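Have a look at the structure that comes next, please.
The values are calculated or read from the model by the stated rules, or taken from the named source; none is laboratory data. Computed from a prediction, not measured in an experiment: that's the story for all the values here. So basically every Cβ, Gly included, is an ideal-geometry build from the backbone, and we count neighbours across all protein chains shown. Side chains are part of the model used for accessible areas, which takes the heavy atoms of the whole protein and leaves out ligands, DNA and RNA. Shrake-Rupley method; radii C 1.70, N 1.55, O 1.52, S 1.80 Å.
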Amino acid sequence: MALDTTALDSKVPVGPLADKWTNHKFDVKLVNPANKRRFTVLVVGTGLAGASAAATLAELGYKVVCFSFHDSPRRAHSIAAQGGINAAKNYRNDGDSVHRLFYDTIKGGDYRAREANVHRLAEVSADIIDQCTAQGVPFAREYGGLLDNRSFGGAQVSRTFYARGQTGQQLLLGAYQALARQIHLGNVEMHTRTEMLDLVVKDGRATGIVTRDLVNGEVRSWSGHAVVVATGGYGNVFYLSTNAMQSNVTAIWRAHRRGALMANPCYTQIHPTCIPASDDFQSKLTLMSESLRNDGRIWVPKNADDARSPDQIPEDDRDYYLERRYPAFGNLVPRDVASRASKKEVDAGRGVGPLKNGVYLDFADAIGRLGRDVIEERYSNLIEMYDRITGEDPYQVPMRIYPAVHYTMGGLWVDYNLMSNVPGLYVLGEANFSDHGANRLGASALMQGLADGYFVLPYTIGDYLAGLLGQPVVPTSDAAFAEAETNVADMTRRMLSVKGTRSVDYFHKELGKLMWDNCGMARSTESLEKNLSEIPALAEEFWNDVRVLGNDESLNQSLERAGRVADYFEFATLLCHDALVREESCGGHFRVEHAQEDGEARRDDENFAHVAAWEWTGAPSAPTLHKEELVFESVHLATRSYK
Amino acid sequence: MTGKTLTLRLKVWRQDGPRAAGRFEEYDLPGISVDMSFLEMLDVLNERLNADGHEPVAFEHDCREGICGSCSLMINGMAHGPQKGTATCQLHMRHYRDGDEIVIEPWRSSAFPIIKDLVVDRAPFDAIIQAGGYISAPAGSAPDANSVPIPKEASDSAMDAAQCIGCGACVAACPNGAANLFTSAKLAHLNLLPQGQAERYSRTVAMVDTMEDHFGSCTNHGECEAACPKEISIDFIALMNRDYVKAQLFNRRLAGQRR
Ligand SMILES: Cc1cc2nc3c(=O)[nH]c(=O)nc-3n(C[C@H](O)[C@H](O)[C@H](O)COP(=O)(O)OP(=O)(O)OC[C@H]3O[C@@H](n4cnc5c(N)ncnc54)[C@H](O)[C@@H]3O)c2cc1C
Ligand code: FES
């Protein structure tokens, strides 16, 4: 079955940028309330994007069947977001507006995002704050009882709303509770500990999924009029990242193998402020929220051999390199810029800590200026977390931080309606590629996930479903389902039958090392070609030598991980391929060959102002490229400068 | 960051499935760095088990940052181990000494049946939330967020309660297997906010009644507060009890008016 991928139609509505969404909402087809319950929508994932979508679709009257591999919807990785969520409320009266949020996001994304999507995101951002407040999200407030804000990297206004250092938790609980209400009302059927392992496509449309019950191993088909995938990001392809341990690429990769295009996989965000690794057994890296850069100052000793403890190093012997190099934004430059600057210092031997693998983030000045109480009020949970992990007290000694993989801007290609090129397959949240271009600004992922789920998909999905009125779902007895079930069962059997000598984690770590060393903060033709030859070899070794013990009929965590790592090999190959072909530096993608004299990134708008959307051809090393040219009508393409 | 290592003796609960009989197995584990987290120590154990041809120990974890509420281990009889206000995943091996014996068990509660080894089923927590742990505010219906000022104290207090990560340590620590701390934390979060007032009493009754269907009764041991990784206060239980009593009166009166 061939999919028509030749014409990548973004379906961006015509008309002035600021009117597109309003007009589009009027133009899309509607499904009347009585007919909504005749449609079944499968929603995979219960993070911010999935939970908000499932709850909202159910509120509208659709029949929703929802899946998560977690034991409860509330455990999705979104729960870990710390710093905050952006919205163009302009409550500070500091000059914020929809247009400014739009502009900051486009610029922050290094002019590699679709204008119309980003503008819509900025438009609905204010509604998100209203919605979450109504649900009881306890955002931080001032003494007058009104909402407080903080600022985040890449912006010169204060537009970030937060709930202490647990913004993601509180937003997710809000969405989870809305979902729980719909489950209670019988509008959502929830399946936890259930992993989507294949997408079913029939006659060119997404008609269902195949899942595996993680407790008893049962492989089962589910049929729906549409499939919504909101399964999060793929940062763990690097093994070490700030993502939750179970975050993975499997759902979107299997959809890709069924024809969905994967867009811009090479855009990966390396977050500047994470706790450096302490040894080889490190299983994940912990983020210290970017909000700390509001009050913390980043520095290294000027002299690489300076062995003094940080408090003994006088001002003159310190290099506050961000403030020095980027006076306008200082410590608040965007993440990609801050990360590369830290790498530069550490590579030059000026790193701090026992492994010399970090830089200082120092609160001494802020404590002196504002008092310890204020710093405690703002960041106590982060500071405690740091203390617990490192055994050091940031009120006394500066934190040590270093960049780590954090967020993935790439993902399945979607049009303006959030539908992939496979009709009926919608992709939301971090799993899609849509709004952040080549670099995401802090506090914008939560905004995007909730925009997609509460305010975009509920409007756009009707346009597709309306055309299916009166049509029953494809029965799960159809051959397309049987084929997908066999596919899933075969892969499970294959992994259990290798009976090799090395653990799944061994392979995952090896892959992660290749990715970090050769496709991390700096990429070159040479390093990428190295990966393109070594990753397939590692994958082959995996299939010959992996040891997955236990069986398929009970909870088997090694088996779950094995499937995800197997997908990572193929996906990593595509990621490196995309990075190799993109002969420019932009946002989270830095090619050493494409740098300016001062080391800053050099973008190539003439040749690369497009979305690279890849088609699966059956061979991981030979994907087919489709381009969506990015048209900028409202912003002027400029070299990003934060100086 | 000392480069120091420990040798530990672990006694770990192994159970093949929900209906299988469980048993303790003992493992000697050398070479544990003091900078490792407790779960990284278990990763090392699992790597060794796998290398020796034994099935790794199943345990739940995800964020490893103390926020998702997945990790759930009884460590030497203490829910989440010895460090106050710390989830298992945030516990580090620097709190142990060379030669220590560590007993690792799953949460023990009839409401949380064991699925395998250290993994339990905490679905009854979801049932309590589904019964009423929300504010009914369908998307699209919200007024401007600043239209209702909320005194900072109320909002802070709601946030103190809302921090609950739903891990179940409170139930595991309670001699009666009660879920009052979990339930009261969610009730306090919503009942303290102006937005939560409309459903305050119906919510309280629905959640408390569902809680009682699944869990034991609270007799004020206070073990829950001591075990809670977010140090949620048992004062919220008192608030829940007061609201429950008020709800009996309030709901009856409303019912009388309606019918
Ligand atoms: C430590 C940290 C801090 C962050 N802080 C911020 C911040 O302050 N502000 C901000 O804006 N962003 C932040 N981010 C980014 C943001 O949290 C994420 O991008 C966002 O929450 C992703 O939400 P999501 O709904 O797309 O996916 P997720 O929350 O990852 O949810 C994925 C869901 O899909 C399910 N799933 C996945 N695969 C399958 C499958 N095959 N079958 C069934 N179910 C599946 C999972 O069970 C889960 O329910 C942070 C990220 C990290 C790592
Ligand atoms: S693993 Fe998430 S709280 Fe411990």
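With everything on Cα atoms, drop me the angle between helix A:115-135 and the longest principal axis of chain A, reported from 0 to 90° to the nearest 10.
Between helix and principal axis, roughly 90 degrees.
From the phi of every residue in region B:52-64, what ³J(HN,Hα) in whole Hz does the Karplus formula 6.51 cos²θ - 1.76 cosθ + 1.60 yield, where θ is phi - 60° and glycine or proline is x?
Those phi angles translate into 8, x, 10, 5, x, 6, 7, 8, 9, 6, 8, 6, 6 Hz.
Residue A:428's amide H: which non-local residues (gap 5+, or another chain) put their own amide H closer than 5 Å, with H modeled 1.01 Å from N in plane and none for Pro or chain starts?
Those qualifying (amide H under 5 Å, at least 5 residues apart or on another chain) are A:229, A:230, A:231.
Taking only Cα atoms, what is the 0 to 90° angle, nearest 10, from helix A:335-347's long axis to the longest principal axis of chain A?
50 degrees
Give the relative contact order (percent, whole number) for chain A; include only Cα pairs under 8 Å separated by 6+ residues.
Details: 1405 pairs, mean separation 131.0, N = 643.
With pairs under 8 Å counted, the relative contact order is 20 percent.
Next up: So how tilted is helix A:525-545 from the main axis of chain A? Cα-based, degrees 0 to 90, rounded to 10.
50 degrees
What total accessible surface area, summed over both chains, is buried at the interface between chains B and A, computed with a 1.4 Å probe and given in Å² to the nearest 100?
In total, chains B and A hide about 6600 Å² from solvent.
Which ³J(HN,Hα) values, rounded to whole Hz and listed in residue order, are derived for region A:591-604 from phi using the Karplus coefficients 6.51, -1.76 and 1.60 in 6.51 cos²θ - 1.76 cosθ + 1.60 with θ = phi - 60°, glycine and proline given as x?
Working through the residues one at a time gives 9, 4, 5, 10, 10, 7, 4, 7, x, 6, 5, 10, 7, 10 Hz.
Of the options A:54, A:536, A:116, report the single residue whose Cα projects farthest towards the positive end of the charge dipole of the protein assembly as shown (beta-carbon charges: Lys, Arg +1; Asp, Glu -1).
A:54
Which residues' amide hydrogens lie under 5 Å from the amide hydrogen of residue B:102, considering only partners 5 or more residues apart or on another chain, with H built in the peptide plane?
B:9, B:10, B:11
Starting from the Kirkwood Rh over alpha-carbon pairs, what translational D in µm² s⁻¹ does region A:197-325 have by Stokes-Einstein at 4 °C and 1.567 mPa s?
On the way: Rh = 19.2 Å.
Estimated via Stokes-Einstein, D reaches 68 µm²/s.
Take the Cα gyration tensor of region A:74-227, multiply each eigenvalue by 5, square-root it, and list the three semi-axes largest first, rounded to whole angstrom.
Each semi-axis is the square root of five times an eigenvalue, giving 35, 21, 14 Å.
Evaluate the Debye formula for chain B with equal point scatterers sitting on the alpha carbons, no solvent, and hand back log10 of I(q)/I(0) at q = 0.15 Å⁻¹, in q order, two decimals.
-1.05
Mind listing the long-range amide H neighbours of residue A:319? Cut-off is under 5 Å, sequence gap 5 or more, other chains count too, H placed in the peptide plane at 1.01 Å from N.
When sequence neighbours closer than 5 places are left aside, the close amide H contacts are A:300, A:302.
On each of the three principal axes of the Cα atoms of region A:260-316, give max minus min coordinate, whole Å, ordered largest first.
If we take the Cα atoms of region A:260-316, the spans are 56, 31, 19 Å.
Another question, then. Antiparallel versus total DSSP beta bridges in the protein assembly as shown: what percent is that, nearest 5?
Of all bridge pairs located within the protein assembly as shown, approximately 70 percent are antiparallel.
DSSP loop trypsin sites (Lys or Arg not before Pro) in region A:494-589 with at most 13 other Cβ atoms within 10 Å of their Cβ, which ones?
On the way: sites: A:494, A:499, A:502, A:509, A:513, A:523, A:530, A:547, A:561, A:564, A:582; in loops: A:499, A:547, A:582.
Answer by residue number: A:499.
With Rg and the Kirkwood Rh both taken from Cα atoms, where does Rg over Rh land for region B:164-239? The partial results should precede the final answer.
Working: Rg = 11.9 Å, Rh = 12.4 Å.
Result: Rg/Rh = 0.96.
Provide the descending list of Cα extents for region A:384-440 along its principal axes, expressed in whole angstroms.
Extents along the principal axes, in whole Å: 56, 20, 14.
Moving on to the next point. Using only Cα atoms, what Kirkwood radius does region A:546-643 have, in angstroms?
Working: mean 1/r = 0.0595 Å⁻¹.
Mean inverse Cα-Cα distance, inverted, gives 16.8 Å.
With a cut-off of at most 16 other beta carbons within 10 Å, and DSSP calling the residue loop, which trypsin sites (Lys or Arg not before Pro) in region A:44-119 qualify? Please list them. Intermediate values should be presented prior to the final figure.
Details: sites: A:63, A:74, A:75, A:89, A:92, A:100, A:107, A:112, A:114; in loops: A:89, A:92, A:112, A:114.
Listed in order of number, the matching sites are A:92.
Let me ask another. Based solely on C-alpha atoms, express the radius of gyration and the Dmax of the protein assembly as shown in angstrom.
Rg and Dmax of the protein assembly as shown, Cα atoms, are 26.0, 82 Å.
With charges only on Cβ, +1 for K and R and -1 for D and E, what is the dipole size of chain A about its Cα centre, in debye, rounded to 20?
Working: 68 positive and 83 negative charges, 229 e Å.
That gives a dipole near 1100 debye.
Continuing with this model, one more query. Kindly write out, for region A:465-473 in residue order, the coupling ³J(HN,Hα) from the Karplus curve 6.51 cos²θ - 1.76 cosθ + 1.60 (θ = phi - 60°), rounded to whole Hz, with x marking Gly and Pro.
Once θ is set to phi - 60°, the couplings for region A:465-473 become 5, 3, x, 9, 3, x, 8, x, 5 Hz.
Here's something else I'd like to know. Considering the dipole of chain A built from charges on the beta carbon (Lys and Arg +1, Asp and Glu -1) around the Cα centre, which of A:35, A:492, A:559 is farthest to its positive end?
A:35
For region A:12-84, count the residues as N, evaluate 2.2 N^0.38 Å, and divide the Cα radius of gyration by that value, please. Can you show the working numbers first?
Values: Rg = 16.0 Å, N = 73, 2.2 N^0.38 = 11.2 Å.
After normalising by residue count via 2.2 N^0.38 Å, the value is 1.42.
Which values, in whole Å and largest first, are the semi-axes of the equivalent ellipsoid of region A:294-386 obtained as the square root of 5 times each eigenvalue of the Cα gyration tensor? If you can, show how the numbers build up before the last one.
Working: eigenvalues 94, 54, 36 Å².
Working from the Cα gyration tensor, I get semi-axes of 22, 16, 13 Å.
Still on this structure, I have one more. Let me cross-check residue A:455: its accessible surface, 1.4 Å probe, with only protein heavy atoms counted, in Å² to the nearest 10?
The accessible area comes out at roughly 20 Å².
Let me see the P(r) profile for region B:123-258: every Cα-Cα distance counted, bins of 10 Å, each bin given as a percent of all pairs.
Answer for region B:123-258: a P(r) of 12, 42, 33, 11, 1 percent.
Taking all protein chains together and a probe of 1.4 Å, list B:4, B:246 from the most accessible to the least accessible.
Details: B:4 120, B:246 95 Å².
Largest to smallest exposure gives the sequence B:4, B:246.
Continuing with this model, one more query. Counting only heavy atoms of protein chains, what accessible area per residue, in Å², does region A:272-403 have with a probe of 1.4 Å?
Details: 5110 Å² over 132 residues.
Accessible area per residue, region A:272-403: 39 Å².
Which of the residue pairs A:20/A:89; A:513/B:230; A:513/A:627 have a Cα-Cα distance greater than 26 Å in the structure shown? Don't jump to the answer; show the numbers that get you there.
Numbers: A:20/A:89 20 Å; A:513/B:230 35 Å; A:513/A:627 30 Å.
The answer is A:513/B:230; A:513/A:627.
While we're here: Per residue Cα convex hull volume for region B:5-115, in cubic angstrom? Could you put the intermediate results ahead of the total?
On the way: hull volume 11.6 nm³, N = 111.
Each residue corresponds to 104 Å³ of Cα convex hull volume.
Shifting gears a bit: Once the Cα gyration tensor of region B:94-187 is found, what semi-axes does its equivalent ellipsoid get, as square roots of 5 times the eigenvalues, in whole Å, sorted largest first? Before the final figure, lay out the partial values.
Values: eigenvalues 250, 71, 28 Å².
Square roots of five times the eigenvalues give 35, 19, 12 Å.
Contact order normalised by length for region A:480-606, with contacts defined as Cα pairs under 8 Å and 6 or more residues apart; what percent is it? Intermediate values should be presented prior to the final figure.
Numbers: 143 pairs, mean separation 37.9, N = 127.
Here the relative contact order equals 30 percent.
Once you have the Kirkwood Rh of region A:480-606 from its Cα pairs, apply Stokes-Einstein at 4 °C and 1.567 mPa s and quote D in µm²/s. Mind showing how you got there, number by number?
Working: Rh = 16.4 Å.
The calculation lands on 79 µm²/s.
Sticking with this one: From the P(r) of region A:316-471, can you give the percent of Cα pairs sitting at distances over 19 Å?
68 percent
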